[in-house]
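Q: If you scroll down you'll find the structure; I have some questions about it.
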Amino acid sequence: NNNSNNNNSFGNNYNSFGNNYNSNNNNNRKVAAVSSVAIWETQEAIKIFTGSHDGFWRLWNTQGSSFQKEFEHNMGGGRIECVEVASNFLFCGFEAVSSSLPGDAMVGMIHAWNLARPTDPPLEFHVHGLIPYAHASCVSSLAVVGGDKIVSGCQSGVIRLWNYEAAANGGKGGFVLKQTIHGHAREVTGLVVVDNLLWSSSVDGSIRLWDLTKGGECQYVITRDTQSNGNAIGHTAAVTGLLSVEMPNAGTFVLSSSLDGFVKAWNGANGECVASENHNDGVVSMSLSKDQQNNPILLLGVEHGNIMCRNLVQTPKAPAFCLLFVLTARITAGHEGAVRGIRSGPQNTFYTVGEDGKLIVFQIAGNLGI
């Protein structure tokens, strides 16, 4: 199903830059992975937030023909694993040394900046007044639900649910811990909410469904041993992410990606596996987007740096999940090493970040044949 002619649908006007920001060209300095990317659309311009394993998040202004670094902020030396922009807030999940613990113990933290008042101190997520951090290990996944609810997951497998309350923080407002969920044995990599079900994925290879109306009770778990009609349907390696997608006249589905090379589609209401596609390379990141004809597409970043694209719904020209194109560093553009994050932007753009310390910007500039 690979349409190799569609590679010409991409313009070559992309920008890339390293994340070591090294002014003295010291080639011995190790480039830090860029772990996440988020889009902030303002009236003036499209701005980009990136989070990196060097401990900085950075703000980039896309106005004009080239990127300009507008601001950077050091989060205390630990790595940043996730940045999200929602409800005009920047949410950052990271690890840092806790001043409340002896020695140099690293803990998981979440800070949120009000982008309407960026000079204000960030809101900090605390488990308790005597536990001034969000998780005991690095925050690895964040999901914003409805603008005032946050779901967070950490490297040690714990999931926490937070609500915004105006009375918190001495009347200044803040996010208050409402629930803690245990079940995953390794790092939480994906979180999505479908109606009253919280879906979570993990490096432990499982996908779990939690009923939020029953105190976060685990209703269903999908592992490598899970079977349907005598066939194994679960992933056989670390699950790297989740996405929810609304299908016309079919309801909500959840997509999962894994280092086993498969992307699977699940019925969002009951966990039934409805599709499975192999990419012959570990899939690290996913994002939903649209082509110029407004057809929904799925963007994928894989372990060895390639970027793949599939259509999501059947059309007269192509079946559902048809592979549309593959971008590689050798032929068109891609990353050297794992594509850690993909994020769709306005005007048919999308943004990828990787283990190689680069952000690459693409724009779909032609017909993808669907």
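The values are calculated or read from the model by the stated rules, or taken from the named source; none is laboratory data. The structure presented is a predicted model; accordingly, all values stated were derived computationally and were not measured. Here the Cβ is made from the backbone with ideal geometry for all residues, glycine too, and neighbour counts use every protein chain on show. Accessible surface is based on the protein model in full, side chains and every heavy atom, while ligands, DNA and RNA are left aside. Shrake-Rupley method; radii C 1.70, N 1.55, O 1.52, S 1.80 Å.
Q: Identify all residues within region 36-57 that are without any contact (Cβ under 8 Å) to a residue 24 or more places away in the chain and under 18 Å from the mean Cα position of the chain (by Cα); write none if there are none.
A: Scanning region 36-57 gives a single hit, Lys47.
Q: Which of the residues that make up region 206-231 are out of contact with any Leu (no Cβ under 9 Å at 6 or more places or on another chain) and either surrounded by 19 or more Cβ atoms within 10 Å (Cβ to Cβ) or of a type in the set (A, V, I, L, M, F, W, C) (or both)?
A: The answer is Ser206, and nothing else.
Q: Another question about this same structure. Given the criterion assigned to a strand (DSSP E or B) and modelled with pLDDT of 80 or more, identify the matching residue among Val37, Val31. Walk me through how you get there before you give the answer.
A: Working: Val31 fails: assigned to a strand (DSSP E or B).
That would be Val37, the only listed residue that is assigned to a strand (DSSP E or B) and modelled with pLDDT of 80 or more.
Q: Additional query: Give the residue that is farthest from Trp210 (Cα to Cα), with candidates limited to residues of region 132-171 that are touching a His at 6+ places or on another chain (Cβ under 9 Å) and open to solvent by less than 10 Å² (accessible area, probe 1.4 Å). Explain how you work it out, then say what you get.
A: Initial filter on region 132-171 (touching a His at 6+ places or on another chain (Cβ under 9 Å)): 132-134, 152-160.
Cutting the leftovers down to open to solvent by less than 10 Å² (accessible area, probe 1.4 Å) gives us 134, 152-154, 157, 159.
Working: Ala134: 20, Ser152: 14, Gly153: 14, Cys154: 17, Gly157: 14, Ile159: 11 Å.
Result: Ala134.
Q: Between a residue in region 258-284 that is on the phi < 0 side of the Ramachandran plot and at pLDDT 95 or above and any residue that is part of a loop (DSSP other than H, G, I, E, B) and of a type in the set (Lys, Arg), which pairs come within a Cβ distance under 9 Å, given they are 6 or more apart or on different chains?
A: Close Cβ pairs (under 9 Å, with a partner that is part of a loop (DSSP other than H, G, I, E, B) and of a type in the set (Lys, Arg)) amount to Asp260/Arg224.
Q: Same structure again: Give me a count of the residues in region 103-131 that are in contact with a Ser or Thr (Cβ under 7 Å, 6 or more places away or on another chain) and either outside any loop (DSSP other than H, G, I, E, B) or open to solvent by 40 Å² or more (accessible area, probe 1.4 Å) (or both).
A: Applying the first criterion (in contact with a Ser or Thr (Cβ under 7 Å, 6 or more places away or on another chain)) to region 103-131 yields 105, 107-108, 110.
Keeping just the survivors that are either outside any loop (DSSP other than H, G, I, E, B) or open to solvent by 40 Å² or more (accessible area, probe 1.4 Å) (or both) gives 107-108, 110.
Summing the residues that are in contact with a Ser or Thr (Cβ under 7 Å, 6 or more places away or on another chain) and either outside any loop (DSSP other than H, G, I, E, B) or open to solvent by 40 Å² or more (accessible area, probe 1.4 Å) (or both) in region 103-131 gives 3.
Q: Just to be sure I understand, how many residues within region 46-60 are open to solvent by 20 Å² or more (accessible area, probe 1.4 Å), modelled with pLDDT of 95 or more and outside any loop (DSSP other than H, G, I, E, B)?
A: So the count comes out to 1.
Q: A further question follows. Hey, does region 334-354 have a residue that's touching a residue at least 60 places away in the same chain (Cβ under 8 Å), open to solvent by 40 Å² or more (accessible area, probe 1.4 Å) and under 16 Å from the mean Cα position of the chain (by Cα)?
A: yes
Q: Which residue out of Gln63, Gln43 is at pLDDT 50 or above, surrounded by 12 or more Cβ atoms within 10 Å (Cβ to Cβ) and in a loop (DSSP other than H, G, I, E, B)?
A: Checking each option against the conditions leaves just Gln63.
Q: When you check Gly234 against the structure, is it modelled with pLDDT of 95 or more, buried (at least 22 other Cβ atoms within 10 Å of the Cβ) and either more than 17 Å from the chain's Cα centre (by Cα) or among the hydrophobic types (A, V, I, L, M, F, W, C) (or both), yes or no? Spell out how you get there, then give the answer.
A: Details: modelled with pLDDT of 95 or more: yes; buried (at least 22 other Cβ atoms within 10 Å of the Cβ): yes; either more than 17 Å from the chain's Cα centre (by Cα) or among the hydrophobic types (A, V, I, L, M, F, W, C) (or both): yes.
Judged against the criteria, Gly234 is a match.
Q: Can you tell me which residue in region 242-266 is farthest from Glu355 (Cα to Cα), limited to those that are part of a strand (DSSP E or B) and open to solvent by 40 Å² or more (accessible area, probe 1.4 Å)?
A: Just the residues of region 242-266 that are part of a strand (DSSP E or B), to begin with: 242-247, 251-258, 262-266.
Subsequent filtering for residues that are open to solvent by 40 Å² or more (accessible area, probe 1.4 Å) retains 244, 246, 262.
On the way: Ser244: 25, Glu246: 31, Phe262: 21 Å.
Checking each candidate, the answer is Glu246.
Q: For region 271-313, give me each residue that is open to solvent by 10 Å² or more (accessible area, probe 1.4 Å) and either out of contact with any strand residue (DSSP E or B) (no Cβ under 8 Å at 6 or more places or on another chain) or acidic (Asp, Glu) (or both).
A: Hits for region 271-313 are Glu272, Glu277, Asn280, Asp281, Gln293, Asn294, Glu303, His304.
Condition check ((1) touching a strand residue (DSSP E or B) at 6+ places or on another chain (Cβ under 8 Å); (2) on the phi > 0 side of the Ramachandran plot; (3) part of a strand (DSSP E or B)) across all residues:
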{"site": "Leu191", "(1), (2), (3)": "yes, no, yes"}
{"site": "Leu198", "(1), (2), (3)": "yes, no, yes"}
{"site": "Ser201", "(1), (2), (3)": "yes, no, yes"}
{"site": "Gly205", "(1), (2), (3)": "yes, yes, no"}
{"site": "Trp210", "(1), (2), (3)": "yes, no, yes"}
{"site": "Cys218", "(1), (2), (3)": "yes, no, yes"}
{"site": "Arg224", "(1), (2), (3)": "yes, no, no"}
{"site": "His235", "(1), (2), (3)": "yes, no, no"}
{"site": "Thr240", "(1), (2), (3)": "yes, no, yes"}
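Q: Name the single residue that is farthest from the chain's Cα centre (by Cα) among those in region 297-319 being among the polar types (S, T, N, Q) and in a loop (DSSP other than H, G, I, E, B).
A: Applying the filter and picking the extreme gives Thr315.
Q: Another question, then. Being at pLDDT below 90 and over 23 Å from Asp148 (Cα atoms), is that true of even one residue in region 105-128? Walk me through how you get there before you give the answer.
A: In the first step, residues of region 105-128 are kept if they are at pLDDT below 90; the result is 105, 118.
Imposing the further condition that a residue be over 23 Å from Asp148 (Cα atoms) reduces the set to 105.
Within region 105-128, one or more residues are at pLDDT below 90 and over 23 Å from Asp148 (Cα atoms).
Q: Could you list all residues from region 337-370 that are in contact with a Lys or Arg (Cβ under 8 Å, 6 or more places away or on another chain) and of a type outside the set (Ser, Thr, Tyr)?
A: Listed by number, the residues that qualify are Asn348, Phe350, Val353, Gly354, Glu355, Gly369, Ile370.
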